[in-house]
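All remarks here apply to the structure that follows.
Computed from the coordinates by the stated procedures, all read-outs in this text should not be read as laboratory data. Owing to the predicted nature of the structure, the values given are computational and were not obtained by experimental measurement. Using ideal geometry, Cβ is built from the backbone for each residue, glycine included, and neighbour counts are taken over all protein chains shown.
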Amino acid sequence: MSHTTELNDKLERLRNGSQEAREQLIEHACERLRILTQRMLKKFPGVQRWSQTDDVLQAALLRLHRALATVQPNSAAEFYGLAATQVRRELLDLARHFSGPEGIGANHKTDTGSIVGGKGEQDAEPSNVEGWSRFHNAVEALPNEQRQVVDLVWYEGLSQPEAAEVISISLATLKRRWAAAKMTLCEVLEDWAVE
């Protein structure tokens, strides 16, 4: 049985009222969520300097566990979208904590890397926590279909064909949604380039 099929079976059990399904869902997806957290943490260099993947993962899993008490995803793609949202929110909270006026990172410079895939375009990336927060909040504000694509392609690092398969859409549809998401983000953030 494939990972996605098993995950969908557990989601069905959650929707049917199984109390054990939440724990089983998280346990089943834990390694994939660790990879997701590790990838997303790289997009938060101000947090990465002070927190490790497993610390962020544990807090995000607690958020996910609470969220699954009220939200019942209908598919593996929705489950991973919900998980990505919880990881993103945890990272945003940590970024604010570390870079706030009293935070340990407030007076330390952290090299942020490049959002455009390492091409050295330093003007196309945020230089502080406010910039990163603005970007991640803009992603959360995207329409669901576009946010789902950004979660899979940008945060999780899936290839476009892999993301299309997870969402069960054609590659052409995924490419349209990805292009629309990038246009929306560039309009909102003006000085950023998202590749």
**Complete:** Fewest-first ordering of Asp9, Asp151 by Cβ atoms within 10 Å yields Asp9, Asp151
**Asked** Net charge near Asn137, counting Lys/Arg +1 and Asp/Glu -1 over other residues with Cβ under 11 Å of its Cβ?
**Response** +1
**Item:** Vicinal HN-Hα couplings computed from phi for the stretch 85-98 (Karplus, 6.51 cos²θ - 1.76 cosθ + 1.60; Hz; Gly/Pro x)
**Value:** 4, 5, 5, 4, 5, 4, 5, 4, 4, 5, 4, 5, 4, 6
**Prompt:** What residue among Ile26, Leu36, Trp50 has its Cα farthest toward the positive end of the dipole of the stretch 1-67, where the charges are +1 on Lys, Arg and -1 on Asp, Glu, each on the Cβ?
**Reply:** Trp50
**Item:** Candidates per trypsin sites (Lys or Arg not before Pro) in the stretch 1-102, loop by DSSP, up to 15 other Cβ within 10 Å
**Value:** Arg49
